[in-house]
Amino acid sequence: CAGVHAIVIPSKGAAQIKLGLTKKLELGNLDASRDWGHAKDYVRAMHMMLLHDKPDDFVVSTMQAHSVRYMVDVVFSMLGLDYNKYVVQNEKFLRPEELNYLKGDSTKIRTELSWKPNYTFESLMEEMVKHWMAQLQR
């Protein structure tokens, strides 16, 4: 759930700023890196696991980690905005036990089930930005 919020907040916040609905976006640790992927890729992986001939454990991941700062830069750039003018780090959103770098190793599912993500990080961000721009313009 925290991963979903981490993607939604920057994309929605950037769209709100672009449309003049708010003036700034407050975030926590901009240097935390995560392995974010598209739900459609993960659901396809789950389906492949269900069809697999024997039960097993698999890690599903993109095998790429991106920082919150990079995400914010990508999202704001898609809207023609410089995130440095709008994003502020607020200490109340910092986690006391932050894990700064999380990246999954999905080698096993890629090898055994021939799964790989179809969406890139940038295409995921583009989809999120388009979604929020459409939602907020209604």
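The mean sequence distance of close C-alpha pairs (under 8 Å, at least 6 residues apart), as a share of the length of the chain, puts its relative contact order at 40 percent.
Think of each Lys and Arg Cβ as +1 and each Asp and Glu Cβ as -1; about the Cα centre, that makes the dipole of the chain roughly 540 debye. Mind running the shape call on the chain? Use the C-alpha gyration tensor, a ≥ b ≥ c as the square roots of the eigenvalues: rounded below 1.5 for a/c, prolate if a/b tops b/c, oblate otherwise. In terms of gyration-tensor shape, prolate. Each peptide in 80-90, 66-76 gets a packing score, the mean of other Cβ atoms within 10 Å over its residues, and the list from highest to lowest is 66-76, 80-90.
The portion of the accessible surface of the chain made up by carbon and sulfur, rounded to a whole percent, is 54 (1.4 Å probe; DNA, RNA and ligands excluded).
Adding -39500 (n - 2.57) for every DSSP H run of four residues or longer, then dividing by how many residues the chain holds, sets the calculated 222 nm ellipticity at -14500 deg cm²/dmol. The Cβ shell under 13 Å around ARG44 holds other residues with a net charge of +2, Lys and Arg each +1, Asp and Glu each -1. Each peptide in 23-33, 45-55, 9-19 gets a packing score, the mean of other Cβ atoms within 10 Å over its residues, and the list from highest to lowest is 9-19, 23-33, 45-55. Computed with a 1.4 Å probe over protein heavy atoms only, the accessible surface of the chain comes to 62 Å² per residue.
Tell me the net charge near GLN137. Cut-off is 15 Å between Cβ atoms, GLN137 excluded, with +1 for each Lys or Arg and -1 for each Asp or Glu. Neighbourhood net charge equals +4.
The values are calculated or read from the model by the stated rules, or taken from the named source; none is laboratory data. Note that this is a predicted model, so its numbers are computed, not measured. Neighbour counts run over all protein chains shown; Cβ positions are idealised from the backbone, glycine included. To get the accessible areas, we keep the full protein, side chains included, count just its heavy atoms, and leave off ligands, DNA and RNA. Shrake-Rupley method; radii C 1.70, N 1.55, O 1.52, S 1.80 Å.
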